[in-house]
1. Name the residue, out of B:Ser86, B:Ser55, that is over 9 Å from the mean Cα position of the chain (by Cα), without any contact (Cβ under 8 Å) to a residue 60 or more places away in the chain and either facing chain A (nearest Cβ under 10 Å) or closer than 30 Å to A:Val74 by Cα (or both).
2. Quick one: A:Glu634 ticks every box in (1) at pLDDT below 95; (2) within 10 Å of chain B (Cβ to nearest Cβ) bar one, so which box is it?
3. Which one is farthest from the other protein chains (Cβ to nearest Cβ) among residues in segment A:59-76 that are more than 28 Å from A:Thr153 (Cα to Cα) and not polar (S, T, N, Q)?
4. Condition check: within 14 Å of chain B (Cβ to nearest Cβ), of a type in the set (Ser, Thr, Tyr), crowded, with 24+ Cβ neighbours inside 10 Å and under 22 Å from the mean Cα position of the chain (by Cα). Does A:Ser381 satisfy that?
5. Here are some conditions: (1) out of contact with any Phe, Trp or Tyr (no Cβ under 7 Å at 6 or more places or on another chain); (2) surrounded by fewer than 23 Cβ atoms within 10 Å (Cβ to Cβ). A:Ala552 meets all but one. Which one does it not meet?
6. Pick from segment A:655-682 the residues that are more than 27 Å from B:Glu146 (Cβ to Cβ) and within 14 Å of chain B (Cβ to nearest Cβ): which of them is surrounded by the most Cβ atoms within 10 Å (Cβ to Cβ)?
7. Whether any residue in segment A:506-528 is more than 27 Å from the chain's Cα centre (by Cα), within 27 Å of A:Leu587 (Cβ to Cβ), at pLDDT 95 or above and crowded, with 21+ Cβ neighbours inside 10 Å is what I want to check.
8. Given the structure, is B:Asp119 closer than 29 Å to A:Ala637 by Cα, within 7 Å of chain A (Cβ to nearest Cβ) and surrounded by fewer than 24 Cβ atoms within 10 Å (Cβ to Cβ)?
Amino acid sequence: MTASFDAGRRHFLAVSLTGTGALLLAPVLRAAPLPNVPAELLGEDFTGLGPFLRIERDNRIVIGAPACEVGQGVFTDLPMIIAEELDLDWSQVRVLQLPYGGGDGANPYGRQGADAADAAARTFLRHAGANARWLLLQAAAREWNLPAESLRTQAGEVIASDGRKLSYGALARSAASITLPAAPPALKSTAAYTIIGKPIATADAREIVTGACRYGIDHYGAGALLAVIARCPLPGGSLLRMDDSKARKVSGVVDVIELPHSTDAPAVAGIAVLARHSWAALQGRALLEIQWQPAADTSESSSALIAAAHAALDGKDGGIPVRSDGEPLRIRKQPARHRIESRYELPFLAHAVMEPPNALIEINQDGARLVAAVQDPDGASQWIARLTGLRRQNIRIELPRGGGSFGRRLDNDYVAEAVVVAKAAGKPVKLMWTRSDDLQHDRYRPLGVHALAASLDRHNRISAWSHRCAATPVDARTPNAGLLEATAFPAGFVAHLQQSFHPLSTHLPLAAGAWLDAFRTFAIESFIDELAVVSRQDAVKLRLTMLEDAKAPATVNGVECTRLAHVLRRCAARIDWRTPRTDGRGLGIACHAGGGGSFAHAFEVAVEGGQLRIHRAVCVADIGTVINPRNAQEQIAGATLDGLAATLQQAITLKDGRIQQRGLQDYPLLRLGLSPRSTEIEIIDSTDDAVDPAFASASAGPALANAVYAATTVRVRKLPLLPELMRLL
Amino acid sequence: MPKDTRNPAAAPPAGGSGAAPAPHLPAALPISVNGKPYFHEGDPAMPLLWFLRDSLRLTGSKYGCDNGQCGACNVLLDGKAVRACSLPMSAAANHAVTTIEGIGATNLHPVQQAWIEADAIQCGYCQSGQIIAAIDLLKRKPRPAEDDIAAIGNVCRCGSQPQIRRAIARAAELLQGGKK
């Protein structure tokens, strides 16, 4: 049974009952239905109800998760928002991943973006839950012949003032005939929340610990060939010649395809080996004999870039002025004992997602089906349309769980590659990147050198500050973007402040993101620690003096002084900052405002038996309104350990124009042994706008380096820290 | 599914029992996976991981690095944790392999239970390998010291190590409790 009705100017609802009597709140499809939509993933082309509910007669509820889960918790947290407004008991809820909903006009699932901090997405989901609750209330009102205003809802039931109850499941049939009002039903007050703000475990934990959960790489597709690509290892290079005769002899290899070079696709020059299974494809690729044509410059190296950075900072050219407050030469006028200068060297970094990129694509005349963990499915859809000529409404994108992202899956390069290969092969293709591919063909965090100088006045306050940065720009048009902007701390807190930027040239493709905060903050927060040491001040007090200066406004260049000071104080209290450590242990602290959040980190470390031991890690974070405190804790812990791992061990290095790292032996990811023995996370209660917790990573690195200094008196100014520390010890 | 693999439990080999293998093919390698017998007739150098994933579609063992660095492909070989990406079929043959799918297939293993309780998930990609490593560790050292935990070579890119530490501690408790 299906009923259609006008639900306002823009929204056409179809409320239907399945054979088992389950209520489906789903839209009428304005266009032809997409192929392969599982019946349980409801709804396309509908904005009134949002990501969609299935209410079973026995009151089990299925909620669709709109965004791709890559470890940021959206599969659990976003459905929690709907469940809250719908007044459910979370134990009733089963979560299902929704496919990409866009393609032709507005996306019925709202923004299917990267994280749960998107305020518009949160509001959209709240209305989805509130609308459904309203329909069920009206159904109960009709059943009892009572005014809907006299009824309330709780844990999946409508309750009358006389105590009578009806489950949502029992109301399903009746609710099917009710029209949504033109004005959206009211949302809950936050004080009435019973699910949001409660710690809730990962919704699909059982599938994950039993190996049942299928990630992108676990999808094979009927008749799809396994493809790997040999890509030019020289950034910007091209194919000169190749011999695939040995590769073609490998049992299981089906085809070898030279990828058409196209400036339209983001893919690099390469040769695809297609096979019936992974091992054959990998063997075939290993047997390709290829000569690459380098780009103009093959001499590029990280060491030369670092040298060029120092040369630029030593030279007479002042670089691109970024900001100038007060007197430009103030620092040089100071007596030497009040003046310090330091330089900090940072390498390129890779995303190194745990599950290397992969994509399964099937293309035919009528449409395409992509199965891939992508955080920008809209962009993926556009690439597929562009490369195939298909209409976007005929492109279906399924979003399996992805093994990490950290921004990597915002790029659709691997989707475009898979499309190019599948088109050339005329067959469905599952493209797989190996770990080596992933490290060698990423978009990287920039490399650079920061030169910091400052002077202190007779009250030991920072009176002048100079920050000069030489680095490889992400954006050629605005070279300093993200790397050293005029808002960079402590701009606005120091009367005499100069910032300038020297762009360095590289062939490597680079990426922006939260890791640029870490790039800058490592230098700034290390340097503040150095200033505290030189002037024999407490490192917490020095920072608080700046943040709590009575003359400073509440917000200075995005730094909310009270919030940042608060997390810093809490962090110092948690690590027991004032108690001196013995036995070679040292404490370090740092703080950072980024992405709208405020973060402070402290570490307690020691070098024991020639090895760095991290005894304790503390992070206090103010990330605005938290949906799921359990996930928020895990995200902040994750960002902390991400910052720690990158600072300690990771570097992508160029030599002779090539990236030297070929596997995790060259680019270590964090193991338990180096992880803190104890990690404590404190999230500040807040009703402010939500913040992406990834920004927490920035202050972890400098806090760790400051702790290493406290424990060893070795100041590490060159990353990765661990090899440099061992060299200096 | 590659043609060179067959599952005698599911379907008898084509050609009847009297058919001799083609002379150019390597001898079929017998292997037990999660208690079921299989044969691998392809390249004996093929790592066990691809046999599990591509041939048997047991995709709980994850691909992460190719060379034993990450541990996401951990399986139990005769009860001991090994890297399936680095073990050729010729070496895995005649042994009993247990993958994450074979652990707690009906009831959760205490280590899996502990993982859920500690919410040691995040992206979750490395966790099946972490669980296998923890099962192996707790079998050898029911009360593991810090050095034992530190010796686990598995990596996690998400930074779920705080939850993994709690999960290992909880699993040790559950396993101890189970013995009483």
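The values are calculated or read from the model by the stated rules, or taken from the named source; none is laboratory data. The shown structure was predicted, so the numbers you read here are calculated from the model rather than taken from an experiment. Quick reminder, even Gly has a Cβ in these numbers, built from the backbone with ideal geometry, and neighbours come from all protein chains shown.
1. Values: B:Ser86 fails: either facing chain A (nearest Cβ under 10 Å) or closer than 30 Å to A:Val74 by Cα (or both).
Result: B:Ser55 is the single residue among B:Ser86, B:Ser55 that is over 9 Å from the mean Cα position of the chain (by Cα), without any contact (Cβ under 8 Å) to a residue 60 or more places away in the chain and either facing chain A (nearest Cβ under 10 Å) or closer than 30 Å to A:Val74 by Cα (or both).
2. So the condition that A:Glu634 fails would be (1).
3. Ranking the qualifying residues of segment A:59-76, first place goes to A:Cys68.
4. Working: within 14 Å of chain B (Cβ to nearest Cβ): no; of a type in the set (Ser, Thr, Tyr): yes; crowded, with 24+ Cβ neighbours inside 10 Å: yes; under 22 Å from the mean Cα position of the chain (by Cα): yes.
Against the criterion (within 14 Å of chain B (Cβ to nearest Cβ), of a type in the set (Ser, Thr, Tyr), crowded, with 24+ Cβ neighbours inside 10 Å and under 22 Å from the mean Cα position of the chain (by Cα)), A:Ser381 does not qualify.
5. Status for A:Ala552: all satisfied but (1).
6. Taking segment A:655-682 as the starting set, the residues that turn out to be more than 27 Å from B:Glu146 (Cβ to Cβ) are A:655-663, A:666.
Checking which are within 14 Å of chain B (Cβ to nearest Cβ) leaves us with A:661-663, A:666.
Values: A:Gln661: 23, A:Arg662: 18, A:Gly663: 17, A:Asp666: 16.
Among residues in segment A:655-682 that are more than 27 Å from B:Glu146 (Cβ to Cβ) and within 14 Å of chain B (Cβ to nearest Cβ), the one surrounded by the most Cβ atoms within 10 Å (Cβ to Cβ) is A:Gln661.
7. Let us first name the residues in segment A:506-528 that are more than 27 Å from the chain's Cα centre (by Cα), namely A:527-528.
Retained after the next criterion (residues that are within 27 Å of A:Leu587 (Cβ to Cβ)): A:527-528.
Retained after the next criterion (residues that are at pLDDT 95 or above): A:527-528.
With crowded, with 21+ Cβ neighbours inside 10 Å added as a condition, the list becomes A:527-528.
The answer is yes, given that some residue of segment A:506-528 is more than 27 Å from the chain's Cα centre (by Cα), within 27 Å of A:Leu587 (Cβ to Cβ), at pLDDT 95 or above and crowded, with 21+ Cβ neighbours inside 10 Å.
8. On the way: closer than 29 Å to A:Ala637 by Cα: yes; within 7 Å of chain A (Cβ to nearest Cβ): yes; surrounded by fewer than 24 Cβ atoms within 10 Å (Cβ to Cβ): yes.
Yes: the conditions hold for B:Asp119.
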